[in-house]
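Comments concern the structure below.
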Ligand SMILES: Nc1ncnc2c1ncn2[C@@H]1O[C@H](COP(=O)(O)OP(=O)(O)OP(=O)(O)O)[C@@H](O)[C@H]1O
C-alpha cells in the first residue's frame, strides 16, 4: 500500500517535473518572442522617427524652394511692371510730388499713363499705379469727395505737366463749389460751367466731336488740343437729354481727343471708361490690387505751375530746333511727285511744310544781309536731305557771296564727310560768274537728256518718266544759287547766256524735276528779274525774310512786320492772303550740322561719289596725267596729228583741262600775254609738260628775262628732251614735234628768226609757245605797228585789258575782259567764237 502510494507520488512528481519543465520551456520561448517583438517595435519606432524627420526636412526644403521661386518670380514680375510703368509714364506723368516738375514731351510722342498712387508688393518695392487718360480713356471716380477731388487734382496736374502748354483745354462743371474745387487751375484759362450751363456745354462738346470726325474722315490729322471735361457733382441729376448727350460723348469722345473725368456722375459702361473706386482703393486697370493713393499735390505747386504755364502760353511755344525738322526714318520718301519738307514751325508749334514740284516748281528767297537766308537754306537742305536719299534728290549748290557757306557740305580737312545728295558745290565763286554759267549749262544738258528720255517713254512729267523707266536714275534736282544777282549783274555775254539758260530751266524744269532756288539780298537783283517776266513768273514759291523787299506782291506787306528769325512763305507768287509765317530754327551750329551730316554720310550707298567742289580761292595743280612720267618716249613712238597743249583748268563742272591743239597748220603758235611772271611761267610749263606727256617731242627753251630763269630751268629739268638757248634757234628739220618755249620774247628776240619760226614753223611741226609782257611789245618784236599778227593763232591773256587785245581779236574793240589774279583769257582763233576764262595750273608750288 505504502509503496503504491510512493509510486503514485513519484509518478505525480515525475509528471509535475515534466510539466514544470515544459512550462519553463514555454515561458522561455515566450520571453524570447517578447524580446524579439520589443526589438522590432523599437526598430519600427526609430524608422518612423527618421521618416518623420526626413519628411519634415523635405517639406522645409520644398517650402524654401517655393518661397525662393515665388520671390524670384515676384521680383521679376515687379521689375517688368516697373519697367513697363517707367516706359508708360515718364517725367511729370509719374514723378512723386516731392520730385515733381513739368516735363516737355518730345515731338510726335503719344501721351502715356498717369500715376495715382502705388501698389505694394510682398518683399518688393511698390510699383506705380497708373491710369490712362489722354487719347485713351474717360475716368469715372467714386468715393468720398475729399479723396476723389485730390485724385482729380493730381491727375490734371500730371496731364498738364506732361504735355505742352495749350495742348490740354480744361472745362470744369462744379455746381456745388462753383469751380472752387479746381480754382488753382484758373490761370490756365479753364472754362468753368455754372449749374445751369451743363446742357449747353454737353451740346457744344457733341458738336465739336462731330466737327473733329469730319476732319479726321477728310484725311487730316487732329491738330486741336485735347479737351478734358471735369464733372464734379454729388448727385446724378441729369435730365434725359443731358444723359443722352453725356453717353454720346462717352462713346465717341476719346477718338476725338475729348475726355471726361467724372465724380458723382456715373458714366455709361464703355470700353473707354476706367473706373476708380477711392473707397476700396481699387481701379479697373489694376484689378484686385489695393492702391496706396498719392496725396493731392501741394496747392502751391499747382498754382506755381499754372501761372508759369499761362505765362508760356502767352509767349507761345519755343521755336522748333533743327533736329525737329528731321523725320523719324531717314530717306523714306519718294520724290516722284515732288519734294515736301518743313523749314520751321508756326507760332503754335506745328511744322510748316514747303513744297517743290509741279507746283510750285521754283523758289525765290529774299531778305537783306544778315536776315537769315543762309540759315534758311541750311534748314531747308537739312529737312530735304533727311527725307530724300541720293537716288531721290541731287543738289547743286552755288554761293556767289564772299564766303564759304556751302563748304560744310563737302569734305574738308577736319571733316571727311559730305552730304550724299550734293553733286556740286561752288564756294568763293563771287569772281567766277563763269562757273555759275558752267553749272547752268550742265543743268541745261541734264534738262535735254531728261526731255529726250521723257519723249522716248511718252512721259509728260517726272513721275510718269520714273514710272515708265523704273531702272533709270531720275532724282529730282534742286539747284540753289545764293546771291544769284551776281551772275545776272553786268551787261555781258555771261549775264545774257545765264538769263537764257535760267529761263529755259525755269520754264521746262518743272516737268523734268529740275528746281531752282534763287536767293538774293539785293533788291536790284530781284528787280532785274522782274524785267524778265518769262523767268520770274515761274518762281511761284516766294520766301521773304524780315524786311525783304519786292519778293512778295507790292500790296503784301507781311515781310515788313515779321520779327527776326521768321519768314513769310507764300506759294502763290507772293499774293496777299497766301502768307504763312514760319519761325526758322537756328541751323548754323557746325557741330549739330556735322553730327547730322555724318549720320547721312554713313547711310550713303556704294558708289556715291564725293561732290565736285569748285573753290574760287583754290589754285588747281597740274594733274599728274599731264606730266611726263616713266620712260622717255623714243623718236619712233607715234605722235598724234595735233597734240594738245594744256594751258589751265577750264571753269566748268567737270574741271577739264583747256587744250590748245598744235597741228601742222599755219598759225598754230601760242602767245602768253601779260606781266604776271609766275602765271605766265606756269602756263608755259603746263603746256610743255603736257605736250611731253603725249609722245616724243623736242623742246628748245629760250629765256630772256632773269626773273623767269628759275622756272625755265626747272622746266628743262623735267622735260625728257630739251635744250637751253640764249637766243631763238633756227628752224630745224626734226622727225618729231619741236616746241620753242620763249620766256619774255619781247626782251630782244631776233625779229627775223621769230617771224620765221612763227610763220613757217607750224607746218614743219615747230611751234612757238612764247610769253610777251604786252600786246604792243609782241607787235614790236614782230616788226612794229604794221606787222601782221596772223601767225599767233592762239593767246592766253593775263593782266591785259580787253581793249588792248583788240589787234588779236576778230571783233572790233576786243573781248570783254577785266583781269583778275590766277585767271586768264584763252582764245584759239580756230575753235573759239568768244574767248574762255581758264585758271592757270600751279606747276611748281614754290611761288604760292
Ligand atoms: N533762325 C535763326 N535762329 C538763330 N540765329 C539765326 C537764325 N537765322 C539766322 N541766324 C543768325 O543770324 C546771322 C545771319 O544769318 P545768315 O548768315 O543766315 O544771314 P544772311 O541773310 O545769309 O546774311 P548775308 O546775306 O549777309 O550772308 C547768323 O549768325 C545766323 O547764325
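A few comments on the model shown:
- Every pair of residues 6+ apart whose Cβ atoms lie under 6 Å, when the first sits in the stretch 608-620 and is at negative phi while the second is in a strand (DSSP E or B) and at pLDDT below 90: 615/427
- Residues of the stretch 95-124 that turn out to be in contact (Cβ under 8 Å) with a residue 60 or more places away in the chain and in a strand (DSSP E or B), as a count: 6
- Taken together, 248, 263 contain a single residue that is more than 26 Å from residue 117 (Cβ to Cβ) and either in contact with a helix residue (DSSP H, G or I) (Cβ under 6 Å, 6 or more places away or on another chain) or outside the structural domain of residue 162 (by TED's automatic domain parsing) (or both), which is 248.
- All positions within the stretch 182-197 that are touching a residue at least 24 places away in the same chain (Cβ under 8 Å) and crowded, with 19+ Cβ neighbours inside 10 Å: 182, 184, 185, 188
- The numbered conditions (1) assigned to a helix (DSSP H, G or I); (2) away from the ligand (no atom under 16 Å from the Cβ) are all true for residue 609 except (1).
- Some residue of the stretch 424-444 being within 16 Å of the ligand (Cβ to nearest atom), farther than 23 Å from residue 487 by Cβ and assigned to a strand (DSSP E or B): no
- Residue check, residue 805 in a strand (DSSP E or B), in contact (Cβ under 8 Å) with a residue 24 or more places away in the chain and within 54 Å of the chain's Cα centre (by Cα): no
- Meets criteria (surrounded by 24 or more Cβ atoms within 10 Å (Cβ to Cβ), assigned by TED's automatic domain parsing to the domain that holds residue 500, touching a strand residue (DSSP E or B) at 6+ places or on another chain (Cβ under 7 Å) and within 20 Å of residue 588 (Cβ to Cβ)) for residue 373: yes
- Residues satisfying the stated conditions in the stretch 823-840, i.e. in a loop (DSSP other than H, G, I, E, B) and either modelled with pLDDT under 95 or within 23 Å of residue 782 (Cα to Cα) (or both): 829, 830, 831, 832, 833, 834, 835
- Of all residues in the stretch 467-485, none are more than 16 Å from the ligand (Cβ to nearest atom), at positive phi and in contact with a helix residue (DSSP H, G or I) (Cβ under 9 Å, 6 or more places away or on another chain).
- Qualifying position, being farther than 16 Å from residue 126 by Cβ, touching a residue at least 24 places away in the same chain (Cβ under 8 Å) and surrounded by 10 or more Cβ atoms within 10 Å (Cβ to Cβ), among 92, 49: 92
- Condition met for residue 758 (surrounded by fewer than 22 Cβ atoms within 10 Å (Cβ to Cβ), touching a strand residue (DSSP E or B) at 6+ places or on another chain (Cβ under 7 Å) and either within 12 Å of residue 671 (Cβ to Cβ) or not assigned by TED's automatic domain parsing to the domain that holds residue 671 (or both)): no
- Yes/no for residue 678 being in contact (Cβ under 8 Å) with a residue 12 or more places away in the chain, under 46 Å from the mean Cα position of the chain (by Cα) and in a loop (DSSP other than H, G, I, E, B): no
- Matching residues in the stretch 168-184 - criterion: being in a helix (DSSP H, G or I) and out of contact with any strand residue (DSSP E or B) (no Cβ under 6 Å at 6 or more places or on another chain): 180, 183, 184
- Among the residues of the stretch 572-593, those that are out of contact with any strand residue (DSSP E or B) (no Cβ under 7 Å at 6 or more places or on another chain) and either assigned to a loop (DSSP other than H, G, I, E, B) or over 27 Å from residue 349 (Cβ atoms) (or both) comprise 572, 575, 576, 577, 586, 587, 588, 589.
- Given (1) more than 23 Å from residue 341 (Cβ to Cβ); (2) within 16 Å of the ligand (Cβ to nearest atom), number of the condition residue 556 does not satisfy: (2)
- Filter pass, residue 151 being within 25 Å of residue 184 (Cα to Cα) and in contact (Cβ under 8 Å) with a residue 12 or more places away in the chain: yes
- Yes/no for residue 343 being outside any loop (DSSP other than H, G, I, E, B), over 16 Å from the mean Cα position of the chain (by Cα), within 15 Å of the ligand (Cβ to nearest atom) and under 23 Å from residue 580 (Cα atoms): no
- Conditions (1) modelled with pLDDT under 90; (2) under 14 Å from residue 173 (Cβ atoms); (3) under 42 Å from the mean Cα position of the chain (by Cα): number failed by residue 238: (3)
- If the condition is being within 16 Å of the ligand (Cβ to nearest atom) and farther than 23 Å from residue 317 by Cα, then the stretch 563-595 contributes 590, 591, 593, 594.
- Residue match in the stretch 155-167 (condition: assigned to a loop (DSSP other than H, G, I, E, B) and surrounded by fewer than 16 Cβ atoms within 10 Å (Cβ to Cβ)): no
- Condition broken by residue 414, with the remaining ones in (1) in contact (Cβ under 8 Å) with a residue 24 or more places away in the chain; (2) away from the ligand (no atom under 16 Å from the Cβ) satisfied: (1)
- Those residues of the stretch 411-422 which are at pLDDT 90 or above and surrounded by fewer than 22 Cβ atoms within 10 Å (Cβ to Cβ), in sequence order: 411, 416, 417
The values are calculated or read from the model by the stated rules, or taken from the named source; none is laboratory data. Just so it is clear, the model here is predicted, and its values are computed rather than measured. Reconstructed Cβ throughout: ideal geometry from the backbone, glycine too, with neighbour counts over all protein chains shown.
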